[in-house]
1. Averaged over all directions, how much area does the convex hull of the C-alpha atoms of segment B:194-256 cover when projected, in nm²?
2. Which residues' amide hydrogens lie under 5 Å from the amide hydrogen of B:Met97, considering only partners 5 or more residues apart or on another chain, with H built in the peptide plane?
3. Can you work out D for chain B in µm² s⁻¹ from Stokes-Einstein, where Rh is the Kirkwood radius over C-alpha pairs, the temperature is 25 °C and the viscosity is 0.890 mPa s?
4. May I ask for the accessible area buried between chains B and A, both sides summed, probe 1.4 Å, to the nearest 100 Å²?
5. Using helices alone, what [θ] at 222 nm do you get for chain B, with -39,500 (n - 2.57) per DSSP H run of 4 or more residues, divided over all residues and rounded to the nearest 500?
6. Starting from 0 in steps of 10 Å, tell me what percent of the Cα-Cα pairs of segment B:92-226 lands in each bin.
7. Defining a contact as two alpha carbons under 8 Å apart and six or more residues distant in sequence, what relative contact order in percent does chain B show?
8. Treating the beta-carbon of each Lys and Arg as +1 and of each Asp and Glu as -1, no other charges, what is the dipole magnitude of the protein assembly as shown about its Cα centre, to the nearest 20 debye?
Amino acid sequence: MRLKVNGKEYETKTETILQLLREMEIMQGRVAIEVNLDVIKKTDYENYRLQDGDNVEIVYFVGGGNGR
Amino acid sequence: MEDKLIIRGIEFNSRLWIGTGKYRDFEETAKAVEASGADVVTVAVRRVNITDRRSENLLDYIDPKKYKILPNTAGCYTVEDALRYARLAREADVSEMVKLEVIGDERTLFPDVTGLLKATEILAKEGFIVFPYTNDDPVMAKRLEDAGAAAVMPLGAPIGSGLGIRNPFNIKIILESAKVPVIVDAGVGTASDANIAMELGCDAVLINTAIAGAKDPITMAEAMKHAVIAGRLACRAGRIPRKLYATASSPIEGML
């Protein structure tokens, strides 16, 4: 299926968020995830089934103080 | 005498809070944080770089077990965006705390206080520990407190300006009227500015650019640590009143 991940087209055969993170080699402990603007709880990563066309945002913490 | 800052039951080991932007690299960030003695470290929420996924992570250098990670909503210009970033940050599982920013103007980075108030109210109801970045406006500080802010973070001067505490009288009025802690966020340029904020009676100071942008950030981090400690002690000790004329400090008695 085709997803949009962080604004970029992404083709995958994975079905759940957990599988997607593993495929992308992203450590799940350090990120937060939104699918179609809904924040997904970490405990749901294993069971949350992605759908074709889903808009996925994967964020983490970077250096920052204020503004910008 | 113990003089720890406690907010909503969370004990803070230092009254200096540190931002992690603008450092040369993560190593320098970690060294500056260490030298500052801070235990609160504020971080921004951004997209993971999916084309270079093995790039280093800030939290590999700033251990969330050792430091209190304070996610911020820096760069958000609307209530909706600020809420979105705050909710995502909470799900990243480091903290219920959020340094809430709703910016109103790109050039000055002054807060949009109407949006800030709205966002504070919503997030406080959702159980967040909200620290709103606000103007040095005593009325707004009160409104934010009423909306559920755990502390208020008035600016001393615009973000990154290094102009210092431009309106100490307003900060003083905020301090007198606020029931929640007051943490100066933004404007500090050098150690004396941090010192003044603390002497005024502020509960803590958040500093980023003044340290990260110094010629030697690690030494400046250490300077800020001492300035904050000295300012707090001076505030507790109580300064002498200012007088126009001299008062001799040596006795007249026994003079020839």
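The values are calculated or read from the model by the stated rules, or taken from the named source; none is laboratory data. No experiment lies behind these values; they were computed from the predicted model shown. Reconstructed Cβ throughout: ideal geometry from the backbone, glycine too, with neighbour counts over all protein chains shown. All accessible areas refer to the heavy atoms of the entire protein, side chains included, with ligands and DNA or RNA removed. Shrake-Rupley method; radii C 1.70, N 1.55, O 1.52, S 1.80 Å.
1. Values: hull surface 29.2 nm².
About 7.3 nm², averaged over all directions.
2. Those lying under 5 Å, H to H, from B:Met97 are B:Ile129.
3. On the way: Rh = 18.9 Å.
It diffuses with D of about 130 µm²/s by this estimate.
4. Values: alone 14080 and 5300 Å², together 16160 Å².
Separately minus together, B and A give about 3200 Å² buried.
5. On the way: 9 runs with 95 residues, N = 256.
Rounded to the nearest 500, it is -11000 deg cm²/dmol.
6. The distribution over segment B:92-226 is 13, 43, 34, 9, 0, given as percents.
7. Details: 499 pairs, mean separation 45.3, N = 256.
Over chain B, the number comes to 18 percent.
8. 580 debye
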